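The values are calculated or read from the model by the stated rules, or taken from the named source; none is laboratory data. Just so it is clear, the model here is predicted, and its values are computed rather than measured. Don't worry about glycine lacking a Cβ; one is built from the backbone with ideal geometry, like all the others, and counts go over all protein chains shown. The area values use the complete protein model at the heavy-atom level, side chains included, leaving out ligands, DNA and RNA. Shrake-Rupley method; radii C 1.70, N 1.55, O 1.52, S 1.80 Å.
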Amino acid sequence: MNTEKKIKIILIDDHKLFREGVKRILEFEPSFHVVAEGDDGSEAAKLVKENNPDVVLMDINMPTINGVEATSDLVKYFPNTKVIILSIHDDESYVTHALKTGAQGYLLKEMDADSLVEAIKVVSEGGSYLHPKVTHNLVNEYRRLAKENTSSITDRGIEYRKPLHLLTKRECQVLQLLADGKSNRAVAETLYISEKTVKNHVSNILQKMNCNDRTQAVVSAIRNGWVEVI
């Protein structure tokens, strides 16, 4: 008998076909349980109160109350429920606004099934998860701002120092690929290793760098000159 605690999920999206597709993906994962669905942010608080979910998958664009507004209410009244925003927008301003509101994750609707499953598991455990393309855009924006503030230094062409005092050579390679915006699967394919091995390397990197998630690790690495960002 399987006594594993299931992750309870609410799915809120006004596009029924998309919602049904996501639900089918979630139903294949034995540790997930979709407890409720809605088609507008105005339903979010009621559904969360009735079902006490671990994670809410929230569309960002909905007709009455959008996902960011609904997330703000959930964070305020149901702090134990984590929210992952689903969006077609990869613009840095959308992502930043959603994260400032309190969302723990931001996924583009072009995501693959593995990314969706991984995001839910990471966020349900208290972590943060951003779509790799979103991470890459945020990193580029951070680098642009940093360059404006330190142009006299960056124009000289600093030699990037790999943190071999802190990470192994393989972990340095993984960190660089994360900065390139690659997913776990893409990192695995690039380095000819398994996704499980990649996940282990990422966990080690976060622990050694004292970071909560991969985005924080990449930003810290850029700040220290440990990775190159094109």
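Descriptive notes on the structure:
- Residue match in the stretch 27-40 (condition: of a type outside the set (D, E, K, R), assigned by the TED database to the domain that holds residue 127 and over 24 Å from residue 115 (Cα atoms)): no
- Condition broken by residue 74, with the remaining ones in (1) open to solvent by 60 Å² or more (accessible area, probe 1.4 Å); (2) modelled with pLDDT of 90 or more satisfied: (1)
- Unique residue being in a loop (DSSP other than H, G, I, E, B), modelled with pLDDT of 85 or more and not assigned by the TED database to the domain that holds residue 57 when the list is 230, 193: 193
- Selection within the stretch 109-127 - under 14 Å from residue 11 (Cβ atoms) and among the basic types (Lys, Arg): 109
- Among the residues making up the stretch 20-57, those that are among the acidic types (Asp, Glu) and under 20 Å from the mean Cα position of the chain (by Cα) are 29, 54.
- Residue within the stretch 124-140 that is modelled with pLDDT of 90 or more, of a type in the set (A, V, I, L, M, F, W, C), buried (at least 17 other Cβ atoms within 10 Å of the Cβ) and within 11 Å of the chain's Cα centre (by Cα) present: no
- Scanning the stretch 56-71 for residues that are open to solvent by less than 60 Å² (accessible area, probe 1.4 Å) and farther than 20 Å from residue 121 by Cβ yields 59, 60, 62, 65, 66, 67, 68, 70.
- Selection from the stretch 81-105 of residues that are under 17 Å from residue 10 (Cβ atoms), out of contact with any Asp or Glu (no Cβ under 8 Å at 6 or more places or on another chain) and open to solvent by 40 Å² or more (accessible area, probe 1.4 Å): 104
- Of everything listed in (1) open to solvent by 90 Å² or more (accessible area, probe 1.4 Å); (2) at pLDDT 95 or above, the single unmet condition for residue 17 is (2).
- Inclusion of residue 48 among residues that are touching a residue at least 12 places away in the same chain (Cβ under 8 Å) and in contact with a Ser or Thr (Cβ under 6 Å, 6 or more places away or on another chain) is warranted.
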